[in-house]
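Engineer: This is the structure, below, for whatever I ask next.
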Amino acid sequence: MSDRVLETGRLREEIAWRQRVFENVTRVSAVGAAGLLILFVILGLLDTMIPAWPLAGVAAMTGLISLLSLFVSRRVNLQPAVVLYLAGLTLTTFASINFAGGVTGPLLMFLMVFPVLAGQLGGIFAVQWSTVVVIFFWLVAMVLEILGGATPVELPDNTARALYYTVFPASLLAIAIIVRIFVQRGQHGMAVAYERERALAESTQQAQAAVEAEREAREREVRAAMHIRETVAGYVDYLSRVAAGEYTACVDVGELDEDVEGDRELHALGEYLNTTVDTLVAALTQAQEVQRRYTEQSWQTVVASGRVQPGFAYRQDQITPEAEWLPQMTQAVDRGAPVAQAESAAVPLVINRQVVGAIGGQHTDGRPWTEEELSLIEDVTGQLAQTIESLRLFDDVQRRAVQEQLIGEVTTRIRESLDMETVLKTAVREMRRSLGLDKITIHLGTSQE
């Protein structure tokens, strides 16, 4: 598309240049014909030996053809104007030759200008056409002179010599001017072509540089995409491992790639994930340890309070409140995992990662425990742990509710009086009653006082 536009632009420029040259030539031709017309009129009035009046008519005809050709080039087209001008100029020139010594007269040299002018205005085809026309008319004129059909006017020697001396330099000057215009046009065309080639070379280099830059950019994009994909896959794998409970996992941030946009942010994200997970794991570990200690202390309190029988045993088809610790039960508590040895097996009671007891059993016939039996006792032990922990929490809530109620009642009775001694007596009485104490003492001041 761009080549077609450039070719159209060059064609328009060529036509415009030929139009300007043709207009200049026709103007010069019209002015020259006017000057010759004036000269021949003067010579005719002086009644010289020269056929001035016929030559004046030829000059007038040349001027009219030049003006008409100029009008056609502006209003119609350049090509018909060139054809009209060269044909008319050729005819008038041969008519002038007949009045100036014939085909061997001094005006014959002027015919050399026509092919050169035709080539300048119409190209190689116009040169060939103009040369053929000139030769044809010259042959016709020569045959007519030989056969006597056209008798040329013989010029005086001085006049003929003057015309020879005038026409030769004039023709040479005209050819030189036309060739100069052609050479300038050729140089301009060569300069334009050179500039176009230079611009094309620069465009080619720029295009190659752009292609290379695009290729490098595409390679960087592919490398960056692969890097980001691998990094994201590593982060996903890392988060999956953390979600599965592998808290010791650590994301590998890899090496920093300066060519990958956002790699610093990816590194920062990886380090942030590592730090965040480490912090969360530390907090979770601390919370689990606090919860474990709370569970341990709570069950120690439950056992020490005597509110619950610590163990039961089933022997000889009856349940007894006394429990015997089997060696396997001790091992299970120490290990925090089930233990099965020969006919005996034990499973620890684990609540919030804290062992609070164990269940042990024996086969009286001495047979070993099967996998199905161990799985069953483990499942039952797990459900038992959850149930007794729920009951402990429920009992703890109830006791706290009773305690809050007692505190509220005691506080209410204490605040019923505005007398300090009455308040102190009420406090002693209500606290003794609420706590079931044998003796309670309230004393204001310190022991030294």
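Just so you know, all these numbers are worked out from the coordinates, no wet-lab data involved. Here the structure is a predicted model, which means the values were calculated and not measured. Every residue, glycine among them, receives a Cβ derived from its backbone with ideal geometry; neighbour counts consider all protein chains shown.
Engineer: For the pair Gln206 and Leu64, what calculated FRET efficiency results from E = 1/(1 + (r/R0)^6), where r is the Cβ-Cβ distance and R0 = 51 Å, to the nearest 0.05? Walk me through the numbers before you get to the answer.
Structural biologist: Numbers: r = 57 Å, r/R0 = 1.11.
Working from the Cβ atoms, E equals 0.35.
Engineer: Provide the per-residue ³J(HN,Hα) series for segment 224-232, in order, calculated from phi with Karplus coefficients 6.51, -1.76, 1.60 and θ = phi - 60°, each as a whole number of Hz, with x at glycine and proline positions.
Structural biologist: 5, 5, 5, 5, 5, 4, 5, 5, 5
Engineer: Next question, about the same structure. Can you check what the net charge comes to around Glu202, using other residues whose Cβ is under 15 Å from the Cβ of Glu202 (Lys, Arg +1; Asp, Glu -1)?
Structural biologist: Numbers: positive: Arg196, Arg198; negative: Glu195, Glu197.
Net charge around Glu202: 0.
Engineer: What net charge is computed for the residues neighbouring Glu371, neighbours being all others with C-beta under 13 Å from the C-beta of Glu371, Lys and Arg scored +1, Asp and Glu -1?
Structural biologist: -4
Engineer: Taking 0.36 nm per intervening residue step and subtracting the Cα-Cα distance, what contour gain separates Gln403 from Ser434 on full extension? Don't skip to the answer; put the middle values down first.
Structural biologist: On the way: separation 31, 0.36 × 31 = 11.16 nm, distance 0.96 nm.
Value of the extension gain: 10.2 nm.
Engineer: At 7 Å along the Cα-to-beta-carbon direction for both Ala199 and Ile442, put a label point, then send me their distance in nm to one decimal.
Structural biologist: Spacing of the two 7 Å Cα→Cβ label points: 11.0 nm.
Engineer: OK, next. Residue by residue, what Karplus-based ³J(HN,Hα) values in Hz, rounded to whole numbers, does segment 13-18 have, using 6.51, -1.76 and 1.60 with θ = phi - 60° and x for Gly and Pro?
Structural biologist: 5, 5, 5, 5, 5, 5
Engineer: Going by how many other Cβ atoms sit within 10 Å of their own, how do Trp129, Trp299 line up, fewest first? Show your work: numbers first, answer last.
Structural biologist: Details: Trp129 17, Trp299 21.
Fewest-to-most Cβ neighbours within 10 Å comes out as Trp129, Trp299.
Engineer: Once you place label points 7 Å from the Cα toward the Cβ at Val41 and Asp317, how far apart are they in nm?
Structural biologist: According to this spin-label approximation, the distance is 16.5 nm.
Engineer: Please arrange Ile97, Ile38, Ile228 by how many other C-beta atoms lie within 10 Å of their C-beta, fewest to most. All intermediate terms of the calculation are to be shown ahead of the outcome.
Structural biologist: On the way: Ile97 26, Ile38 12, Ile228 16.
Ranking Ile97, Ile38, Ile228 by Cβ neighbours within 10 Å, fewest first, gives Ile38, Ile228, Ile97.
Engineer: Say each of Ile135 and Met190 gets a label point 7 Å from the Cα, pointing the same way as Cα to Cβ; how far apart are those two points in nm?
Structural biologist: 3.0
Engineer: Next up: Rounded to whole Å and sorted largest first, what semi-axes of the equivalent ellipsoid does the C-alpha gyration tensor of segment 270-409 yield via the square root of 5 times each eigenvalue?
Structural biologist: Working: eigenvalues 212, 140, 25 Å².
Equivalent ellipsoid semi-axes, largest first: 33, 26, 11 Å.
Engineer: Cut-off is 10 Å between beta-carbons; in what order do Leu45, Leu239 appear when sorted fewest neighbours first? Before the final figure, lay out each step's value.
Structural biologist: Numbers: Leu45 10, Leu239 14.
Fewest-to-most ranking of Leu45, Leu239: Leu45, Leu239.
Engineer: Turning to a different aspect of this structure: Out of residues 5 or more away from Ile359 or on other chains, whose amide H comes under 5 Å of its own, with H placed 1.01 Å from N in the peptide plane?
Structural biologist: Val347, Leu349
Engineer: What list of ³J(HN,Hα) couplings, whole Hz, do you get for segment 25-38 from phi and the Karplus terms 6.51, -1.76, 1.60, once you set θ to phi - 60° and write x for glycine and proline?
Structural biologist: In residue order, the calculated couplings are 5, 5, 5, 4, 5, 5, 5, x, 5, 5, x, 5, 4, 4 Hz.
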